[in-house]
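*Asks:* Here it is, the structure, as structure tokens.
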Amino acid sequence: MNPLAESALSGREPTPSRRQPALSRRHAAGADSARGLLFTVAGEFVLPTGGTAWTSAFIEVLGRLGVEEKAARQALARTAADGWIVSERVGRRVRWRLTGAGERLLTEGTERIYAFTGAQRDWDGSWLLVLARVPETDRAARHLLRTRLGWAGLGSPAPGVWLTTHAERHLEVEQVLRQAGIADGQVFVASHRGGGSLAGLVAQAWDLPMIEERYEEFLGEFAASAASGPLARLVELVHAWRRFPSIDPGLPLSLLPPGWSGERAASLFADRHAAWSSAAVTEWLSLNGQPL
């Protein structure tokens with residue numbers, strides 16, 4: 001990770017009104033957690049409303065989620081240091097703008113997040129199979145491979161072997177292999193013809209009981225409608241949902257255990273997002289001084 005951009009923290013703005021967070025304070029741990037929430041706010045509000053926002057708006061929203069102002073400012077600086085946002089001074093205030101790379105990152109992420117439904121429909125039986133070995137000593141390449149292939153829905157049933165039922169993602173996988181510096185990786189589209197059970201293969205590649213537990217937690221957390229604070233509640237909703245494309249491979253129903261909660265959770269996410277989005281966007285625009 002690049003060091004913090006100290007210049008992004010210079011020149012304090014007028015401090016927004018502080019209030020006791022209405023939600024859990026589990027996000028107050030520090031800049032890492034704040035940075036994740038910052039990306040959620042940027043994807044949900046900044047990207048679709050013009051690509052800019054005041055520091056005070058970020059601090060206000062993150063503050064409602066239990067993030068201290070110092071951690072919020074550090075998250076902004078780190079995100080700028082990595083090239084996703086840039087700052088500009090307007091009088092005594094600082095406004096942030098998404099870079100081209102930031103827009104691409106958030107566009108890709110939001111498309112995957114909102115298209116994710118917890119189960120794959122119309123599977124033709126094809127598997128995308130990847131053979132790619134990385135030396136134990138190359139920790140950076142191993143981390144990139146694990147996180148990016150996981151985001152693409154691939155699981156690893158054995159060392160150096162990755163697979164997914166989303167065969168259409170072969171170009172994305174090939175790009176990941178290039179970024180990881182794996183020149184001798186092999187990518188196949190194949191069909192299962194015999195041998196052991198597919199249920200056993202799936203159990204080796206993915207921890208479905210753990211994923212089911214996460215879905216049950218999501219359903220329990222957002223079963224009730226928001227009594228107040230739609231902006232903060234919407235951030236919590238999207239932030240909680242965005243992890244699922246990384247941990248859930250989106251398998252077809254024929255490979256999932258009975259009673260799988262993924263589709264119910266996806267339906268709840270869509271319902272709550274539709275119910276809270278309008279009021280949340282209105283409040284976000286107000287915080288940034290834009291016409292309603």
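*Asks:* Just to check, using Stokes-Einstein with a Kirkwood Rh over alpha carbon pairs, what's the diffusion coefficient of segment 148-220 at 37 °C and 0.692 mPa s in µm²/s?
*Replies:* Here the translational diffusion coefficient equals 235 µm²/s.
*Asks:* Which ³J(HN,Hα) values in Hz, rounded to whole numbers, follow from the phi angles of segment 265-274 under the Karplus curve 6.51 cos²θ - 1.76 cosθ + 1.60, where θ = phi - 60° and Gly and Pro get x?
*Replies:* Using θ = phi - 60°, the values come out as 5, 5, 5, 5, 4, 4, 5, 5, 5, 5 Hz.
*Asks:* May I ask you to derive the FRET efficiency for Ala190 and Glu213 from their Cβ-Cβ distance with R0 = 22 Å, giving the value to the nearest 0.05?
*Replies:* It comes out at approximately 0.10.
*Asks:* What are the ³J(HN,Hα) values, in whole Hz, obtained from phi via the Karplus relation 6.51 cos²θ - 1.76 cosθ + 1.60 with θ = phi - 60°, for each residue of segment 137-154 in sequence order, with x given for Gly and Pro?
*Replies:* These are the phi-based 3J(HN,Hα) values: 6, 8, 5, 5, 5, 5, 5, 4, 4, 5, 6, 6, 5, x, 4, 7, x, 8 Hz.
*Asks:* Among 162-169, 124-131, how do they line up by average Cβ neighbours within 10 Å per residue, starting with the highest?
*Replies:* 162-169, 124-131
*Asks:* What's the extension gain from Leu285 to Leu131 if we count 0.36 nm per residue and subtract their Cα-Cα distance?
*Replies:* Fully extending the segment from Leu285 to Leu131 adds 50.7 nm.
*Asks:* If you don't mind, another one. Taking a cut-off of 25 Å, what percent of all Cα-Cα pairs in the chain are separated by more than that?
*Replies:* Value for the chain (Cα pairs over 25 Å): 54 percent.
*Asks:* Hey, with R₀ at 30 Å, roughly what FRET efficiency would Ala223 and Leu198 work out to, going by the Cβ-Cβ distance, to 0.05?
*Replies:* 0.35
*Asks:* Show me, for segment 95-104, the HN-Hα J-couplings you get by feeding each phi into the Karplus relation (A = 6.51, B = -1.76, C = 1.60, θ = phi - 60°), rounded to Hz, glycine and proline as x.
*Replies:* 10, 10, 10, 5, 7, x, 5, x, 4, 5
*Asks:* Can you tell me the length gained on complete extension of the stretch Val90 to Ser267, counting 0.36 nm per residue apart and subtracting the Cα distance?
*Replies:* So the chain would gain 59.5 nm between Val90 and Ser267.
*Asks:* Report the relative contact order of the chain, percent, no decimals, based on alpha-carbon pairs under 8 angstrom and at least 6 residues apart.
*Replies:* Taking the mean separation of contacting Cα pairs over the length of the chain, I get 21 percent.
*Asks:* Among 233-244, 95-106, what's the highest-first ranking by average C-beta atoms within 10 angstrom per residue?
*Replies:* Highest to lowest by the protection proxy: 233-244, 95-106.
Every number here is computed from the coordinates shown, using simple stated rules; none is lab data. Everything numeric here is computed off the predicted structure, so don't read it as measured data. Counting neighbours? That spans all protein chains shown, and the Cβs are built from the backbone with ideal geometry, glycine included.
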